[in-house]
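One structure is given here, and the rest of the page talks about it.
The values are calculated or read from the model by the stated rules, or taken from the named source; none is laboratory data. Note that this is a predicted model, so its numbers are computed, not measured. Glycine gets a Cβ as well: all are built from the backbone with ideal geometry, and neighbour counts include every protein chain shown.
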Amino acid sequence: MHRRPDTDLAPEQLTVIAGHLEATKQRIDSWLCEYLAGHGWAAEPTFYSKRSLLRDTIALRPDLATP
């Protein structure tokens, strides 16, 4: 039986991790919105997978992947 990796973490640790993830998501979202608006892409309807979006965003700005 597989155990989830987070089962050994205390609730306080999970809260800290969740906070770091949310802060990272907000930094990426902020940068991406500015980038898209600056290139005129925000007004164009497109279909883009979340995985591709994250991969391409981190490729352009690896510093956004670190807390």
Residue in the range 30-64 that is modelled with the lowest pLDDT, counting only those that are aromatic (F, W, Y) and surrounded by 11 or more Cβ atoms within 10 Å (Cβ to Cβ): W41
T24, sole failed condition from (1) surrounded by 12 or more Cβ atoms within 10 Å (Cβ to Cβ); (2) at pLDDT below 85; (3) polar (S, T, N, Q): (2)
